[in-house]
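Trainee: Here it is, the structure in full.
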Amino acid sequence: MADVMDAAFEDPAEREAYEAFVAAQERGNAGFELGEPALVCRWRMAGKKVPMLNRHIRALAARRVNGAPINRNLVSWAKQHIEWSLAEGDFTERDGVLMVVVDVDGQAAMSVGAYEPLADTSLEALAARSEAARREAGEAGVAPETLCAVDGNQLLIVVDEGEAPCGTVTLVEQLAQTRGLTLVPADLDRVCAGQSPFLVSDEHGIVPASDSEPNEFVNFLIDGLEKLRARTRQARRGRNGSADWPVETKRLAV
């Protein structure tokens, strides 16, 4: 169990917050105990909202848990409750990270934590993250982040043919097509050799390799995502109800 938890949470502080959250939910929900994590999604927030929430939900629906498609009821629950739970929640991390955890028994929980930028954004470090995400995609069906690069009029993406992309990658693909770029699945070595490699991540957004010069397209993506985050902070939200706690848990069979 310890090895699984260590693999699921890279940051010890994030794991500590997760365990504290589970303990609080056990006190507040008789009989509830979140088990071994099978899936952990991290989505960046803006003003207590999640930009591109619909894209993230579609990517969640494409994931697998224990080798089986994720339960549609869980996806519906997440879509229904995330927005109003965040808005009504008593937490200070308005631009933090929403973490959605699904355990091996099909129980799900949401928690909010502080956003921590990547300490190492060298090409080597970003490539290592992309490689680790490929392993996650092998189990869950969707990689939460991937390395990309421009090669002439092509956007090279480290992704398998026919694989469902994560939410942020779907936005990048759409923007690339508006610039006349053809989307091309490629292996990691080819992408690393491309122009201005950059990581596309649900948690970290667009992260250019620090040891290469971002090109015009990468800057376009960074600017576009920041504008989207700014609009999300300013958007008015309709009230769909209230929550008794900032995050919610639910037991669902996967």
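Trainee: Taking H placed 1.01 Å from N in the peptide plane, check which residues at least 5 places from R63 or on another chain put their amide H under 5 Å from its amide H.
Mentor: Sorted by chain and number, the residues that satisfy this are I70.
Trainee: Mind checking which of V150, V191, A125 is farthest towards the positive end of the range 123-234's charge dipole, using Cβ charges of +1 (Lys, Arg) and -1 (Asp, Glu) about the Cα centre?
Mentor: Most positive-ward Cα: V150.
Trainee: Which Cα, out of L53, A68, V40, lies furthest along the positive dipole direction of the range 32-75 (beta carbon charges, K/R +1, D/E -1)?
Mentor: It is L53.
Trainee: Could you run the Debye sum over the Cα atoms of the range 123-234, one equal point scatterer each and no solvent, and tell me log10 of I(q)/I(0) at q = 0.16, 0.24 Å⁻¹, two decimals?
Mentor: -0.66, -1.49
Trainee: Next question. Size of the dipole of the range 183-237 about the Cα centre, Lys and Arg at +1 and Asp and Glu at -1 on the beta carbon, nothing else charged, in debye to 20?
Mentor: Dipole size: approximately 640 debye.
Trainee: Roughly how many nanometres apart are two label points built 7 Å out from the Cα toward the Cβ at E213 and L175?
Mentor: 2.1
Trainee: With +1 on each Lys and Arg Cβ and -1 on each Asp and Glu Cβ, how big is the dipole of the range 123-234 about its Cα centre, in debye rounded to the nearest 20?
Mentor: 500
Trainee: Given points 7 Å out from each Cα along the Cα-Cβ axis, report the R135 to T182 separation in nanometres with one decimal.
Mentor: Those two pseudo-labels are separated by 3.4 nm.
Read the figures in this text as sums done on the coordinates, not as results from a lab. Owing to the predicted nature of the structure, the values given are computational and were not obtained by experimental measurement. Positions of Cβ are backbone-derived with ideal geometry, glycine not excepted, and every protein chain shown enters the neighbour counts.
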